[in-house]
Every structure is written in structure tokens, then in C-alpha cells.
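The values are calculated or read from the model by the stated rules, or taken from the named source; none is laboratory data. These numbers were taken from a predicted model, which means no experiment stands behind them. Because the Cβ atoms are built from the backbone with ideal geometry, glycine has one as well, and the counts that use them run over all protein chains shown. For the accessible areas, the whole protein counts, side chains as well, though only heavy atoms, and no ligand, DNA or RNA atoms are used. Shrake-Rupley method; radii C 1.70, N 1.55, O 1.52, S 1.80 Å.
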Amino acid sequence: GDFSTYGRFSQAFMAFVVPLFLQALSFLISVQVPDVEGDRLANKRTLVAIFGRKAGFTAMLLGLAAATAYLVIASIAMPGMGYLKWAALASLPGLGVALYSYTRRNAPKETTVKLVKYNVICYVLSIILLDAIYAIALLCG
């Protein structure tokens, strides 16, 4: 909608597109974790089916860490875009849960399923917060 509204991509859109993509990628990987055995039996070639749960939790953590790092660096590099600091703060709970999940990546399947649920909840809350911050950024110019 940003391009169709303004005829160009706004600076706010450009600042948010990379971290939102990285968070979405982490989410897509997280929902693969509980299904690894079934995906292998069905010959599905998902990242987690090929490389395992440990790799899935590692990829989730790396994606969320990269998204948070991007927002922190962008907020420093573009001090006029103060909302990026809020976006970086909004990404911290998801990163924290991903880090905790990473430390428990060797746990049994039942535990990893619970960890994925927590990651999904944090992802949804983070996206809601980032969308709100993005909307405020657009409204404030």
C-alpha cells in the first residue's frame, strides 16, 4: 500500500521492510519445527526436515538477531527516525524467546513444541507492535 499511496516507497517502509522480512522468515522456520518427523516421512524438503530441529532453532535465532541488529543500527544511522528505537525495543521480546529456545534446542519434541508456541506468540505481538510503530511513522511524516 505504501507505493500505491505515495507513488514511491517511503523512508519508513524502507527502514521496516528488512526486519519484517527477517522476522517472517524466522516465523516460517519456527512452524516447521514441530512437524519434522512427519515432514521427513512425507519426503518434504523443508529446512528443518533436512537439517533438524537444532538448525531450525539456530536459524530462528539468527533471523531475529539480524532483524533486531538492523533496527538498532538503522536507529543510530538515521537519528531523525526516532521510531526506529521503539521498533528495536519492540523486537527484543521475540529475540529473548528465540534465544531461550536456542538454549533448549536439544530438548524433547514436547518441549520444543511449547517453545515454538511461545515464539509464534512473540512473533504476532512483535508484528502488531511494529505495524503500529510503522503506522505512526507514516502519520508523522
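Per-structure values
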{"read-out": "Residue count, segment 51-80 (criterion: without any contact (Cβ under 8 Å) to a residue 24 or more places away in the chain and under 11 Å from Arg105 (Cβ atoms))", "value": "2"}
{"read-out": "Pick from segment 105-141, criterion touching a residue at least 24 places away in the same chain (Cβ under 8 Å) and in a loop (DSSP other than H, G, I, E, B), ranking: nearest to Val33 (Cα to Cα)", "value": "Arg105"}
{"read-out": "Residues of segment 67-92 classified as open to solvent by 40 Å² or more (accessible area, probe 1.4 Å) and either outside any helix (DSSP H, G or I) or not hydroxyl-bearing (Ser, Thr, Tyr) (or both), total", "value": "12"}
{"read-out": "Selection within segment 1-27 - open to solvent by 20 Å² or more (accessible area, probe 1.4 Å) and within 26 Å of Ile121 (Cα to Cα)", "value": "Gly1, Phe13, Met14, Val17, Val18, Leu20, Phe21, Leu22, Ala24, Leu25, Phe27"}
{"read-out": "Members of segment 28-55 that are open to solvent by 60 Å² or more (accessible area, probe 1.4 Å) and outside any loop (DSSP other than H, G, I, E, B)", "value": "Leu28, Asp35, Glu37, Arg40, Leu41, Leu47, Ile50, Phe51, Lys54"}
{"read-out": "Complete set of residues in segment 93-103 that are open to solvent by 90 Å² or more (accessible area, probe 1.4 Å) and touching a residue at least 24 places away in the same chain (Cβ under 8 Å)", "value": "Leu99"}
